[in-house]
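**Q** Let me begin by handing over the structure; questions about it come next.
Laboratory data are not the source of any read-out in this text; all were calculated from the coordinates shown. Being a predicted model, the structure only gives us computed values, none of them experimental. Please note: Cβ atoms are built from the backbone with ideal geometry, for glycine as well, and neighbour counts cover all protein chains shown.
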2 protein chains.
Amino acid sequence: MQILKDRIQTQGKIMPGSILNVGAFLNQQVDVDLYNEIGKEFARRFSGAPVSRILTIEASGIGIACVTAQYFHVPVVFARKFRAKNLDINLYSAEVTSYTHGVDYTITVPKAYLHPEDSVLLIDDFLANGCALEGLIALTKTAGARLAGAGVVIEKGFQQGGQRIREAGIRLESLAVIRSMSPEKGIIFE
Amino acid sequence: MQILKDRIQTQGKIMPGSILNVGAFLNQQVDVDLYNEIGKEFARRFSGAPVSRILTIEASGIGIACVTAQYFHVPVVFARKFRAKNLDINLYSAEVTSYTHGVDYTITVPKAYLHPEDSVLLIDDFLANGCALEGLIALTKTAGARLAGAGVVIEKGFQQGGQRIREAGIRLESLAVIRSMSPEKGIIFE
């Protein structure tokens, strides 16, 4: 998606630890017109897939998922993150390890908001090690729902998440895949 | 806003501790068509006010703010919540006490995303004791920005936040104001 790649090139900041800060337009500060283009592109790519629900994770996935949902005409559900295990019997839960932040956490979604008859599209802003997305995949499977696929705005192609998820047979659409990034050579897309 | 009040009546659940659970359509599970109606209504109510930026707070304010921003054509910024004080000099911060959850926390927003020349519209899903909204007001003032007003989806009129904010001279628009709620008498709007 060229306009997205252009924004990443001009406004993305490479931080220590292979972190790409796109807070200026993609997450903490949001360019809603860009969100709309992202939503349209996800709708185009998944136009043949039945989608009855979009599942994302707090916090920065929520806005993208809500704007995207306008093009699918389906509800959005977001999973919450907890530092402790949450054993509420009314929740589906999955364990996630965050390599970026060096912590384990639990993600949950109320059972009332994810049904066995659902066909679920996962949406998130970033895919790196894939742990958050794999947590959402686990929640979907636990609910007995069908997985329509996963749509990610930025994939760090030099980390292992994308490969692992594709090898698991899951349809993954990333709108910008970064092959490499460094302060010296900048950001190179696949 | 009648369609909102109807949804609260039919799908809202009164929980112990004067908590109203509207997760089925307003926050954890999102009816995006309703979000669009909410966004249009905020745009109608604030049509005379100059708005250059929408400020909200993670997590459940983000989706409403992003969909609403489509009708204002301005960027959205969300404040992050931390349990500890965050002393980063690149952040504006404010202290918030949550009566609902019984904790104090710090909210922050990068200085790069809130400017003295901004006219800021605050958007959030709930107003009860008003502490989260007052935190956003404090962030706006610290940035030296103008406050265009605050738009809230549901105000608990029987708690003190709304009155305090209006008495401070801030324009506050609440789309549904609850006068009282109890398991016996249900939800009564103003």
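**Q** Evaluate peptide B:70-80: per residue, the Cβ atoms of other protein chains within 10 Å of its Cβ; return the mean as an integer.
**A** 4
**Q** Given the peptides A:172-183, A:130-141, arrange them by the average over their residues of other C-beta atoms within 10 Å, most packed first.
**A** The packing order, highest mean first, is A:130-141, A:172-183.
**Q** Can you give me the span-like helices of chain A, meaning DSSP H runs with 15 Å or more of Cα extent along the axis and Kyte-Doolittle mean at or above -1.0?
**A** A:32-45, A:61-72, A:131-142
**Q** Helix-only mean residue ellipticity at 222 nm, chain A, DSSP H runs n ≥ 4 weighted -39,500 (n - 2.57), per residue, nearest 500. What is it?
**A** That calculation yields -9000 deg cm²/dmol at 222 nm.
**Q** Evaluate peptide A:53-60: per residue, the Cβ atoms of other protein chains within 10 Å of its Cβ; return the mean as an integer.
**A** If you average over the peptide's residues, the count of other-chain Cβ atoms is 3.
**Q** Just grab the label-to-label distance for A:V103 and A:H115, each label 7 Å out from Cα along the Cβ direction, in nm (one decimal).
**A** Inter-label distance under the simple model: 3.5 nm.
**Q** What distance in nm separates the two pseudo spin-label positions at B:N90 and A:R146, each 7 Å out from Cα along the beta-carbon direction?
**A** Placing both labels 7 Å along Cα→Cβ, they lie 4.5 nm apart.
**Q** For the pairs A:K5/A:K141; A:K13/B:K81; A:K5/A:K111; A:K13/B:K85, flag any whose C-alpha to C-alpha distance is greater than 29 Å.
**A** Beyond 29 Å: A:K5/A:K141; A:K5/A:K111.
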